[in-house]
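Working notes, beginning with the structure itself.
All of the numbers you see were taken from the coordinates with simple rules; none came from a lab. These numbers were taken from a predicted model, which means no experiment stands behind them. We place every Cβ from the backbone using ideal geometry, glycine too, and count neighbours over all the protein chains shown.
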Ligand code: HEM
């Protein structure tokens, strides 16, 4: 007979895991559950057996050592309604083949090539900021990272469509709790329901944009050798075991959305945390002055921008843009000291593990210095996993680090942001990604040029 780790009973577990209208209760339920029952929890949810893993070695089993015994979980499966069968949602040999096809667009020298566009767009953003004129940072960062992903990965200008893409994404995020609810599949059969209608309209908007990008590239007079994602996809599409138009659409849509939304969230949380911690903003300014002086950063500056990176790392610890990974076991597999049976659902949540006091001193505090003062040197490998791990590790990890560091450095060199007076707290919305629960109004203050002396005005 299978032995299960301790955990709550069916009623409490099923109630705790119900997405409700906004999924807001799930992270708290997961945290309370591991606090009460221990780092590996098992519980019956509906007719399924769930595991929650908050033990780094067991997370490594799940993602790396025994990754082949698992496929993506239900949340990801339901994402197929929007993303189709792209890299994020596909499994097995098919996933591996697709990943190999796209990978060259993410090689180090390609990312070095994208860096100039990242900085140029961040400079343009900084040019448009006006002192004391409050801006909504989440929208601003979504526009910025969308523009960067469009230009670097798809060789396209999507600035004009930014609002339409933003609204469509909002709508898709809004419909996610219903989509992953127990009646999610049923909803698909009622196209006249407002929530289904709105989702379909949002998908149609995004489809039209992604198909336009693909068509434009196909019709480009001289085939370019940009080495970007679109080129990899189209080249593979024309090959002997090529992809059909829909498969190209699925891969492009996945990278188009995954390639900007998460980084926008990471940057938004970072600006918010900096606004709440002026001493950290001051230390960041000091690094930027010493490494860059009066110039904008380049790809070669990234290694020297250590503290800038630590600020991003710490923001992603507190507010991991990807807050949970889910898998389903396709065969019995070891998980730490336990064995999960085939069919079990396993969840590991960055939002839970990144706040665990066993690994983090003052877990709720924003302390970027912990990343360079030795405190995190002995951290178990999967106590921090904002990009997942194993064969399904984020393909855009280096892209995202480079982008976040360069965007933060470029803008923070010129601007500081304070929280608008009515913004004391910023809650989160756990959907597909961890988004701010409300708008994020921040007030820009210009950083004085070096020659003018110290500090900000
Ligand atoms: C701060 C930014 C980002 C974070 C926190 C993040 C996080 C993640 C995580 C945790 C996964 C693994 C999910 C799982 O195991 O179930 C993932 C996968 C993925 N990410 Fe990211 N990501 C970020 C940026 C990006 C960027 C910039 C791109 C593309 C340009 C991207 C494209 C993808 C894709 C395609 C996958 C699926 C990979 C596969 O399964 O082969 N992500 N991401």
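With the alpha-carbon atoms of region 342-457 aligned to their principal axes, the span from lowest to highest coordinate is 64, 34, 30 Å, starting with the largest. Note: relative contact order over region 332-457, using C-alpha pairs below 8 Å and six or more positions apart, is 14 percent.
Just round it to a whole percent: the fraction of Cα-Cα distances in region 127-239 exceeding 16 Å.
69
A straight chain from residue 290 to residue 29 at 0.36 nm per residue would run longer than the Cα-Cα distance by 89.5 nm. Of all beta bridges that DSSP places with both ends in the chain, some 90 percent have antiparallel geometry.
Inter-label distance, residue 245 to residue 207: 1.1 nm, where each label sits 7 Å from its Cα along the C-beta direction.
Over all directions, average the projected area of the Cα convex hull of region 63-182 and note it in nm².
Details: hull surface 41.7 nm².
If you wrap the Cα atoms of region 63-182 in a convex hull and average its projections, you get 10.4 nm².
Give me the percent relative contact order of the chain, please, defined on Cα pairs under 8 angstrom at least 6 residues apart.
RCO, the chain: 26 percent.
May I ask you to compute the full-extension gain from residue 162 to residue 12, defined as 0.36 nm times their residue separation minus their alpha-carbon distance, rounded to one decimal in nm? Present the calculation step by step, with values, prior to reporting the outcome.
Details: separation 150, 0.36 × 150 = 54.00 nm, distance 4.19 nm.
Extra length available between residue 162 and residue 12 comes to 49.8 nm.
Of the two radii for the chain, the radius of gyration is 0.96 times the Kirkwood radius, both from the alpha carbons; that is the Rg over Rh value. Projected onto their three principal axes, the Cα atoms of region 133-197 cover extents of 41, 31, 19 Å, largest first. Each label was represented as a point 7 Å from its Cα along the Cα-to-Cβ direction; for residue 103 and residue 133 these points are 4.7 nm apart.
Give me the tail of P(r) for region 1-106 as a percent: Cα-Cα pairs with distance above 20 Å. Pairs farther apart than 20 Å: 53 percent. Summarising the label geometry, the points placed 7 Å from Cα in the beta-carbon direction at residue 216 and residue 393 lie 3.3 nm from one another.
Would you work out the relative contact order for region 189-337, in percent, from Cα pairs under 8 angstrom that are 6 or more residues apart? The partial results should precede the final answer.
Working: 56 pairs, mean separation 28.3, N = 149.
About 19 percent, as a whole number.
Annotation: extensible slack from residue 300 through residue 36 equals 90.3 nm (criterion: 0.36 nm per residue apart, minus Cα-Cα distance).
What ranking of 72, 381 emerges when the number of other C-beta atoms within 10 Å of each C-beta is taken as an exposure proxy, fewest first? Spell out each step's value before the answer.
Values: 72 19, 381 12.
Lowest count first: 381, 72.
Stick to the Cα atoms of region 126-169, pair each with every other, and give me the Kirkwood hydrodynamic radius in Å at one decimal. So the Kirkwood estimate lands at 11.3 Å.
Quick check on packing: order 121-134, 195-208, 41-54, 142-155 by the mean number of other C-beta atoms within 10 Å, highest mean leading. Each step should come with its number before you reach the end.
Numbers: 121-134: 14.6, 195-208: 16.4, 41-54: 20.9, 142-155: 23.7.
Ranking the peptides 121-134, 195-208, 41-54, 142-155 by packing returns 142-155, 41-54, 195-208, 121-134.
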